[in-house]
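So the structure is just underneath, and the comments pick up after that.
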Amino acid sequence: MVKQSIHMHRSLLVFFFGVMVMLLSSCTVKIPEGDIKDFVEQFDYDLAYQWVQTGKSVITVTYSVEGKEDGKVCSTTLIDKSGLEYHYMNTDVSGSYYGTTSGKYNYFNQQILSYMNEDETASAFQLTDGALEDISYRPEDVTISVHNFFYTELEAGYHRGGVYYGDYILANCGRYYSCFSLNEAKTELTYQVNTSTKNSDGDEILTLHHFVVNEYGMILSLSSKSIIIEKDIIIETTIACEYNLLFDKKVELII
């Protein structure tokens with residue numbers, strides 16, 4: 001048995017959450033009256049969690065230098081809390097993201113599957129570059145893994161670090177009101193902004209950021225591209241999510 005941390009590899013998420021912190025400050029400003037205010041004020045984590053019975057997210061981070069792909073990480077996550085009760089993550093790594101030093105992945109492919117059994121015990125397995133291991137999991141570890149799909153950090157009722165963006169938007173919509181827009185049907189909210197800043201080396205970083213959420217504050221799509229102009233480096237993150245899909249059976253590890 002191998003004891004595996006329930007907080008699975010978050011390094012894939014560091015980049016776009018860092019962008020969110022940079023673009024959306026914690027300083028709350030009153031939201032102007034209107035359709036956008038009515039839309040965002042319906043966001044509530046508990047309602048979002050109840051609404052999502054199954055979910056799928058595909059998160060991709062690509063690192064390019066001088067127009068050529070240098071490294072890539074793609075992570076697909078599936079959750080089912082409607083009855084099958086499982087969490088599955090499949091991560092593919094290539095190029096400069098692979099390695100044994102800090103901040104890199106020491107595998108090319110890793111799959112992690114955890115689920116509840118009929119006797120209310122938990123089972124979990126990890127397949128890393130073809131090597132299969134049992135993971136020591138408690139029932140509450142499966143629950144935490146499922147919750148991590150929605151958020152990984154909770155502070156003073158503020159959920160962050162997952163694909164639930166409702167609290168981000170509620171805290172920042174007033175200050176960045178002009179960057180938000182509703183679709184014609186008033187079922188989706190879009191945030192779009194371009195920023196320019198400098199890193200610790202003095203290099204200019206141009207960031208193009210765009211995301212869309214539904215009426216529950218759940219991410220539908222996200223695209224964030226940071227360009228370090230002087231070094232011709234581009235770091236691009238994309239997220240695509242689907243909810244309440246029909247899963248007729250528990251997913252299995254791909255061997």
Study note, to complete from the structure: Selection from segment 94-111 of residues more than 19 Å from the chain's Cα centre (by Cα), in a loop (DSSP other than H, G, I, E, B) and among the hydroxyl-bearing types (Ser, Thr, Tyr) yields Ser96, Thr100, Thr101, Ser102, Tyr107
Review point. Any idea which of Ile169, Ile144 is touching a Phe, Trp or Tyr at 6+ places or on another chain (Cβ under 8 Å) and either under 30 Å from Ile31 (Cβ atoms) or not in a strand (DSSP E or B) (or both)?
Key: Ile169
**Study point:** Of the criteria (1) in contact (Cβ under 8 Å) with a residue 40 or more places away in the chain; (2) closer than 28 Å to His210 by Cα; (3) buried (at least 17 other Cβ atoms within 10 Å of the Cβ), which one Cys179 fails
**Key:** (1)
Study note, to complete from the structure: Pairs returned, first residue in segment 51-75 that is over 20 Å from Val213 (Cβ atoms), second residue that is of a type in the set (Phe, Trp, Tyr) and part of a strand (DSSP E or B), beta-carbon separation under 8 angstrom, 6 or more apart or interchain, are Glu69/Tyr63; Asp70/Tyr63; Gly71/Tyr63; Gly71/Tyr98; Lys72/Tyr63; Val73/Tyr105
Practice item. Output yes when any residue across segment 26-44 is open to solvent by less than 60 Å² (accessible area, probe 1.4 Å), of a type in the set (Phe, Trp, Tyr), over 20 Å from Ser223 (Cα atoms) and modelled with pLDDT under 95, and no when none is. Key: no
Review point. Which condition number in (1) touching a strand residue (DSSP E or B) at 6+ places or on another chain (Cβ under 9 Å); (2) surrounded by fewer than 14 Cβ atoms within 10 Å (Cβ to Cβ); (3) at pLDDT below 95 is the one that Met22 fails?
Key: (2)
Review point. Can you find a residue in segment 189-210 that is basic (Lys, Arg) and in a strand (DSSP E or B)?
Key: yes
**Study point:** Conditions (1) open to solvent by 70 Å² or more (accessible area, probe 1.4 Å); (2) modelled with pLDDT of 95 or more; (3) under 20 Å from Ile219 (Cβ atoms): number failed by Glu69
**Key:** (3)
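The values are calculated or read from the model by the stated rules, or taken from the named source; none is laboratory data. Every value quoted in this text rests on a predicted model; they were computed, and no experiment measured them. Positions of Cβ are generated from backbone atoms using ideal geometry, with glycine treated the same way; all protein chains shown enter the neighbour counts. Quick note on the areas: whole protein, heavy atoms, side chains included, nothing else; ligands and nucleic acids left out. Shrake-Rupley method; radii C 1.70, N 1.55, O 1.52, S 1.80 Å.
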